[in-house]
Amino acid sequence: MAQVGIFLGTVYGNSLLVAEKAQNILNEQGHEVKVFEEGILDAWLIYRQYYVLVITSTTGQGDLPASISPLFYTIRDQLGNQPELRYGLIALGDSSYDNFCGAGRAFDALLQEQGATRIGKMLEIDAIQHPEPEVISCPWVEQWGRLVEQEY
Ligand SMILES: Cc1cc2nc3c(=O)[nH]c(=O)nc-3n(C[C@H](O)[C@H](O)[C@H](O)COP(=O)(O)O)c2cc1C
(Lines give C-alpha, C1' and ligand atoms only; values in the text may rest on other atoms or scores of the structure.)
Protein backbone atom coordinates (compact mmCIF):
# COMPACT_ATOMS: atom_id res chain seq x y z
CA MET A 1 0.00 0.00 0.00
CA ALA A 2 1.00 3.61 -0.51
CA GLN A 3 2.62 6.13 1.79
CA VAL A 4 0.66 9.37 2.05
CA GLY A 5 1.78 12.66 3.60
CA ILE A 6 -1.07 14.99 4.56
CA PHE A 7 -0.04 18.66 4.58
CA LEU A 8 -2.40 20.82 6.53
CA GLY A 9 -3.40 24.47 6.55
CA THR A 10 -5.84 25.47 9.27
CA VAL A 11 -6.79 28.41 11.44
CA TYR A 12 -9.68 27.12 13.55
CA GLY A 13 -9.21 23.35 13.29
CA ASN A 14 -11.79 22.33 10.69
CA SER A 15 -9.09 21.17 8.31
CA LEU A 16 -7.41 19.28 11.14
CA LEU A 17 -10.62 17.38 11.78
CA VAL A 18 -10.90 16.58 8.07
CA ALA A 19 -7.25 15.44 8.08
CA GLU A 20 -7.72 13.18 11.10
CA LYS A 21 -10.76 11.54 9.51
CA ALA A 22 -8.83 11.17 6.26
CA GLN A 23 -5.95 9.52 8.10
CA ASN A 24 -8.32 6.96 9.65
CA ILE A 25 -9.96 6.14 6.33
CA LEU A 26 -6.67 5.79 4.47
CA ASN A 27 -5.24 3.66 7.28
CA GLU A 28 -8.24 1.37 7.08
CA GLN A 29 -7.57 1.00 3.36
CA GLY A 30 -4.05 -0.11 4.25
CA HIS A 31 -2.18 3.10 3.41
CA GLU A 32 0.51 4.46 5.69
CA VAL A 33 -0.27 8.08 6.56
CA LYS A 34 1.50 10.91 8.32
CA VAL A 35 -0.13 14.28 9.05
CA PHE A 36 2.05 17.42 8.98
CA GLU A 37 0.36 20.25 10.84
CA GLU A 38 3.16 22.65 9.92
CA GLY A 39 4.74 21.05 6.89
CA ILE A 40 8.34 21.76 5.95
CA LEU A 41 10.18 21.25 2.69
CA ASP A 42 12.12 18.17 3.90
CA ALA A 43 8.89 16.31 4.57
CA TRP A 44 7.42 17.46 1.26
CA LEU A 45 10.49 16.17 -0.62
CA ILE A 46 10.07 12.75 0.97
CA TYR A 47 6.35 12.45 0.24
CA ARG A 48 6.52 13.79 -3.29
CA GLN A 49 8.14 10.45 -4.10
CA TYR A 50 4.98 8.80 -2.78
CA TYR A 51 1.63 10.63 -2.41
CA VAL A 52 0.68 14.01 -1.00
CA LEU A 53 -2.74 15.14 0.19
CA VAL A 54 -3.05 18.89 0.79
CA ILE A 55 -5.94 19.94 3.04
CA THR A 56 -6.24 23.67 3.55
CA SER A 57 -8.76 26.27 4.53
CA THR A 58 -8.67 29.88 3.33
CA THR A 59 -8.29 32.85 5.62
CA GLY A 60 -8.12 36.65 5.34
CA GLN A 61 -9.05 37.64 1.80
CA GLY A 62 -8.28 34.45 -0.07
CA ASP A 63 -5.07 33.84 1.90
CA LEU A 64 -3.28 30.71 3.02
CA PRO A 65 -3.35 29.94 6.76
CA ALA A 66 -0.06 30.67 8.54
CA SER A 67 0.40 26.95 9.21
CA ILE A 68 0.89 26.22 5.50
CA SER A 69 1.91 29.51 3.84
CA PRO A 70 5.67 29.11 4.55
CA LEU A 71 5.59 25.70 2.84
CA PHE A 72 3.67 27.12 -0.13
CA TYR A 73 6.16 29.94 -0.69
CA THR A 74 9.15 27.62 -0.21
CA ILE A 75 7.76 25.23 -2.80
CA ARG A 76 7.04 28.15 -5.14
CA ASP A 77 10.42 29.84 -4.72
CA GLN A 78 12.77 26.90 -4.26
CA LEU A 79 11.38 24.05 -6.33
CA GLY A 80 11.11 23.99 -10.07
CA ASN A 81 9.09 21.39 -11.90
CA GLN A 82 8.07 18.38 -9.85
CA PRO A 83 6.54 16.00 -12.39
CA GLU A 84 7.03 13.04 -10.05
CA LEU A 85 4.52 14.49 -7.57
CA ARG A 86 1.09 12.89 -7.34
CA TYR A 87 -1.32 14.67 -5.05
CA GLY A 88 -4.87 15.25 -3.96
CA LEU A 89 -6.38 18.48 -2.71
CA ILE A 90 -9.18 19.32 -0.30
CA ALA A 91 -10.02 23.03 0.02
CA LEU A 92 -12.22 24.37 2.81
CA GLY A 93 -13.84 27.75 2.35
CA ASP A 94 -16.96 29.80 2.65
CA SER A 95 -18.82 31.08 -0.40
CA SER A 96 -19.86 34.27 1.38
CA TYR A 97 -16.24 35.46 0.92
CA ASP A 98 -15.01 36.89 -2.38
CA ASN A 99 -12.12 34.49 -2.90
CA PHE A 100 -13.89 31.20 -2.33
CA CYS A 101 -11.35 28.49 -1.49
CA GLY A 102 -8.61 30.88 -2.65
CA ALA A 103 -5.84 29.09 -0.73
CA GLY A 104 -6.70 25.62 -2.04
CA ARG A 105 -7.05 26.97 -5.57
CA ALA A 106 -3.68 28.74 -5.34
CA PHE A 107 -2.00 25.55 -4.11
CA ASP A 108 -3.56 23.53 -6.90
CA ALA A 109 -2.54 26.10 -9.54
CA LEU A 110 1.04 26.09 -8.25
CA LEU A 111 1.36 22.31 -8.35
CA GLN A 112 -0.21 22.17 -11.82
CA GLU A 113 2.27 24.81 -13.02
CA GLN A 114 5.07 22.67 -11.64
CA GLY A 115 3.93 19.68 -13.69
CA ALA A 116 2.51 17.59 -10.86
CA THR A 117 -0.34 15.14 -11.41
CA ARG A 118 -3.50 15.58 -9.39
CA ILE A 119 -5.28 12.36 -8.51
CA GLY A 120 -9.02 12.96 -8.71
CA LYS A 121 -10.70 16.35 -8.73
CA MET A 122 -10.05 19.00 -6.13
CA LEU A 123 -12.69 18.88 -3.43
CA GLU A 124 -14.06 22.29 -2.38
CA ILE A 125 -16.12 22.32 0.78
CA ASP A 126 -18.35 25.32 1.38
CA ALA A 127 -18.93 25.95 5.10
CA ILE A 128 -22.24 27.64 4.28
CA GLN A 129 -23.65 24.48 2.73
CA HIS A 130 -21.71 22.00 4.85
CA PRO A 131 -21.08 23.14 8.42
CA GLU A 132 -19.72 19.65 9.12
CA PRO A 133 -17.00 19.32 6.46
CA GLU A 134 -16.24 15.69 7.25
CA VAL A 135 -19.67 14.67 5.90
CA ILE A 136 -18.40 15.68 2.46
CA SER A 137 -14.73 14.89 2.88
CA CYS A 138 -15.02 11.29 4.14
CA PRO A 139 -16.66 9.79 1.01
CA TRP A 140 -14.26 11.81 -1.17
CA VAL A 141 -11.25 10.47 0.76
CA GLU A 142 -12.53 6.90 0.44
CA GLN A 143 -12.67 7.36 -3.32
CA TRP A 144 -9.29 9.09 -3.41
CA GLY A 145 -7.68 6.27 -1.44
CA ARG A 146 -9.04 3.79 -3.97
CA LEU A 147 -7.62 5.83 -6.87
CA VAL A 148 -4.23 5.81 -5.13
CA GLU A 149 -4.52 2.06 -4.64
CA GLN A 150 -5.17 1.57 -8.38
CA GLU A 151 -2.09 3.66 -9.25
CA TYR A 152 0.23 2.14 -6.71
C1 LIG B 1 -11.45 35.79 9.10
C2 LIG B 1 -11.88 34.74 8.09
C3 LIG B 1 -11.55 34.92 6.76
C4 LIG B 1 -11.96 33.96 5.80
N5 LIG B 1 -11.67 34.18 4.47
C6 LIG B 1 -12.11 33.30 3.55
C7 LIG B 1 -11.88 33.52 2.14
O8 LIG B 1 -11.29 34.50 1.72
N9 LIG B 1 -12.33 32.59 1.27
C10 LIG B 1 -13.02 31.45 1.68
O11 LIG B 1 -13.41 30.66 0.82
N12 LIG B 1 -13.24 31.23 2.99
C13 LIG B 1 -12.81 32.10 3.93
N14 LIG B 1 -13.05 31.86 5.27
C15 LIG B 1 -13.79 30.63 5.67
C16 LIG B 1 -12.89 29.50 6.18
O17 LIG B 1 -11.96 29.07 5.18
C18 LIG B 1 -13.79 28.32 6.58
O19 LIG B 1 -14.58 28.72 7.68
C20 LIG B 1 -13.02 27.07 6.93
O21 LIG B 1 -13.94 26.03 7.21
C22 LIG B 1 -12.13 27.25 8.13
O23 LIG B 1 -11.35 26.08 8.28
P24 LIG B 1 -10.19 25.99 9.38
O25 LIG B 1 -10.86 25.85 10.71
O26 LIG B 1 -9.43 24.73 9.04
O27 LIG B 1 -9.33 27.19 9.29
C28 LIG B 1 -12.66 32.79 6.22
C29 LIG B 1 -12.97 32.64 7.59
C30 LIG B 1 -12.60 33.59 8.51
C31 LIG B 1 -13.00 33.41 9.96
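The values are calculated or read from the model by the stated rules, or taken from the named source; none is laboratory data. All values reported here derive from a predicted model rather than from experimental measurement. Methodologically, a virtual Cβ is constructed for each residue, glycine included, from the backbone with ideal geometry; neighbour enumeration extends over all protein chains shown.
Taking ASP94 as the residue in question, decide whether it is in contact with a strand residue (DSSP E or B) (Cβ under 6 Å, 6 or more places away or on another chain), among the acidic types (Asp, Glu), at pLDDT 95 or above and within 16 Å of the ligand (Cβ to nearest atom).
Answer is no for this residue.
Give the range 97-106 a look and list any residue that's closer than 19 Å to LEU17 by Cβ and either more than 8 Å from the ligand (Cβ to nearest atom) or within 11 Å of the chain's Cα centre (by Cα) (or both), or say none.
ALA103, GLY104
Quickly run through the range 5-27 and pick out the residues that are of a type in the set (A, V, I, L, M) and under 13 Å from LEU89 (Cβ atoms).
The answer is ILE6, LEU8, VAL18, ALA19, ALA22.
Search the range 13-33 for residues that are β-branched (Val, Ile, Thr) and pair each with any residue that is within 13 Å of the ligand (Cβ to nearest atom) when their beta-carbon atoms are under 6 Å apart and the residues are at least 6 apart or on different chains.
Cβ pairs passing all conditions: VAL18/ILE55; VAL18/PRO133; VAL18/GLU134; VAL18/SER137.
Taking GLU38 as the residue in question, decide whether it is within 28 Å of TYR97 (Cβ to Cβ), free of Cβ contacts under 8 Å to residues at least 60 places away in the same chain and not hydrophobic (A, V, I, L, M, F, W, C).
yes
Restricting the range 114-152 to residues that are among the basic types (Lys, Arg) and touching a residue at least 12 places away in the same chain (Cβ under 8 Å), which is surrounded by the fewest Cβ atoms within 10 Å (Cβ to Cβ)?
The extreme case among them is ARG146.
Can you tell which of ALA43, ALA19 is within 15 Å of the ligand (Cβ to nearest atom) and in a helix (DSSP H, G or I)?
Selected residue: ALA19, the only one of ALA43, ALA19 that is within 15 Å of the ligand (Cβ to nearest atom) and in a helix (DSSP H, G or I).
What's the number of the only condition in (1) under 15 Å from the mean Cα position of the chain (by Cα); (2) within 21 Å of GLY102 (Cβ to Cβ); (3) within 16 Å of the ligand (Cβ to nearest atom); (4) touching a residue at least 24 places away in the same chain (Cβ under 8 Å) that VAL52 fails to meet?
Among (1) under 15 Å from the mean Cα position of the chain (by Cα); (2) within 21 Å of GLY102 (Cβ to Cβ); (3) within 16 Å of the ligand (Cβ to nearest atom); (4) touching a residue at least 24 places away in the same chain (Cβ under 8 Å), VAL52 violates only (3).
Give the range 39-78 a look and list any residue that's charged (D, E, K, R) and touching a helix residue (DSSP H, G or I) at 6+ places or on another chain (Cβ under 8 Å), or say none.
ASP63, ARG76
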